Amino acid sequence: MEANQILYMNGGDGETSYAKNSLIQKEVILKAKSILEESVVRLSLSSFPKCVKLADLGCSSGPNTLSLVWEIMDIIYATCQRVNHKAPMFQVFLNDLPGNDFNTIFRSLPSFYEKLKKEKGSEFEPCFIAGMPGTFYGRLFPDCFLHFVYSSNSLQWRSQVPEGLVGESGVPLNKGNIHIAKTSPHHVLKAYSDLFEKDFTLFLRSRSQEMVPGGQMVLVMLGSTRKADSSSNQSCSIWELLGFALNDMVLEGKVEEAKLDWFNLPFYAPTIEEAKAVIQTEGTSFNIHRFETFEVAWDCNMDEYMSNKGYSFEEAGRGKYVAMTMRVVAESMLVGHFGEEIMDDLFERFSSKIEEYLEVEEAKHTIITISMTKNV
């Protein structure tokens, strides 16, 4: 099944919304800020179009979306002041799959424009923000159109669940798992890896056509420390813990075994070697400036979460916090396959699995960051 039919973050601004539970993604954006600043400054010093066209690919919704737009414009504005150049107009395109909650973003635009006018003054040129629904694994814009492309926390999602996860006899090859796990056969890993190569190649080729020569692109995605030819990590992946919770529900008769066996997530976090190999194979479209990794803890920014909610540490619990950050990301896919009625029970079990795991492991997400220039 294609991801654009089942994948979207929880919308709105309620307790189980992505907007209220995306502090980990906020931390990723903050940690990648230096690479973003370098790329924006590089663009500002090399080109001064009257209107800078920006695209955030995989924008989702919530406060992170417009704060990122603000950050990019702020860097360009500061650079223009430093070199005594008139700041450009901005045309910003927010892209995500059609199921994304664009309406929540649009409702926040009046206050965003008002803040922009108040803080930057009348000399700041107009800013125009629009939605661009559609998959970024293909063309979204005309040729030589974009000056700056940014994508954060999105490229780990695949265009679809990989084909080839069923054996010749029609039996699911990844029985009992929802993603790549220690018990997954090698064929499952290869199917996911091959799909990543296909998707990422198409992403790069599409952007190379859409970007102007000298345009800048910054990509930030979840990565993996797994060996390229092995499905095993030394530590447990967070998706494995969710799979364990589902298996427990199968044993208790609350989830059909066949439903679990036929469910696989359209998600693949590549190793840094895999990501490099695709860029190098794609050809000479881009010149790479930085290719780095960093880590963020599964429970990062929990203090801010508790402060926002008015919780004590005991009331929140690391397991509950981390489980909610995953629920707002994966719930749409899980509801579509297993039904809404098991969600509260499932994520309560999931939070307990996480709590137990964090007592013995210092669990962290690996993040890959890449900055590139579109070659002439």
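The values are calculated or read from the model by the stated rules, or taken from the named source; none is laboratory data. In this text, all values refer to a predicted model and were calculated from it rather than measured experimentally. Backbone-built Cβ (ideal geometry, glycine too); neighbour counts: all protein chains shown. Ligands, DNA and RNA are excluded from the accessible area calculation, which covers all protein heavy atoms including side chains. Shrake-Rupley method; radii C 1.70, N 1.55, O 1.52, S 1.80 Å.
Note that segment 75-174, at 10 °C in a medium of 1.306 mPa s, gets a Stokes-Einstein diffusion coefficient of 91 µm²/s from its Kirkwood radius over C-alpha pairs. Taking 0.890 mPa s as the viscosity and 25 °C as the temperature, the Stokes-Einstein diffusion coefficient of segment 1-92 based on its alpha-carbon Kirkwood radius rounds to 164 µm²/s.
Length gained on full extension, E355 to E114, computed as 0.36 nm times the residue gap minus the Cα-Cα distance: 82.5 nm.
In whole percent, what relative contact order does the chain give with Cα contacts below 8 Å and a gap of six or more residues? Taking the mean separation of contacting Cα pairs over the length of the chain, I get 23 percent.
Evaluated at q = 0.16 Å⁻¹, the base-10 log of the normalised Debye intensity for segment 9-50, with identical point scatterers placed on the Cα atoms, takes the values -0.61. Here the chain exposes an accessible surface that is 50 percent carbon and sulfur, computed with a 1.4 Å probe and the other protein chains kept in place. Across the alpha-carbon atoms of segment 332-376, the computed radius of gyration and Dmax are 18.4, 54 angstrom. Given +1 at the Cβ of Lys and Arg, -1 at the Cβ of Asp and Glu and no other charges, the dipole of the chain around its Cα centre is 1640 debye to the nearest 20.
Annotation: segment 28-136 has a Kirkwood hydrodynamic radius of 14.6 angstrom, from the mean reciprocal C-alpha pair distance. Highest average first, the peptides 13-22, 87-96 ordered by how many other beta carbon atoms sit within 10 Å of their residues are 87-96, 13-22. Summarising the amide proton neighbourhood of K364: residues at separation of 5 or more, or on other chains, whose placed amide H is nearer than 5 Å comprise W298. Close amide H pairs (under 5 Å, H built 1.01 Å from N) link G131 with L94, residues at least 5 positions away or on another chain. Remark on V255: its backbone amide H falls under 5 Å from those of V250, a criterion applied only to residues 5 or more positions apart or on other chains, H modelled at 1.01 Å from N.
What's the FRET efficiency of N375 with V250 using the Cβ-Cβ distance as r and R₀ = 51 Å, to the nearest 0.05? In this case the efficiency is close to 0.50.
Across segment 80-91, coupling constants 3J(HN,Hα) worked out from phi with the 6.51/-1.76/1.60 Karplus curve, θ = phi - 60°, read 4, 5, 5, 9, 6, 10, 5, 5, x, 6, 10, 10 Hz, and Gly and Pro carry x. Computed from the alpha carbon atoms alone, the convex hull of the chain holds 137 Å³ per residue.
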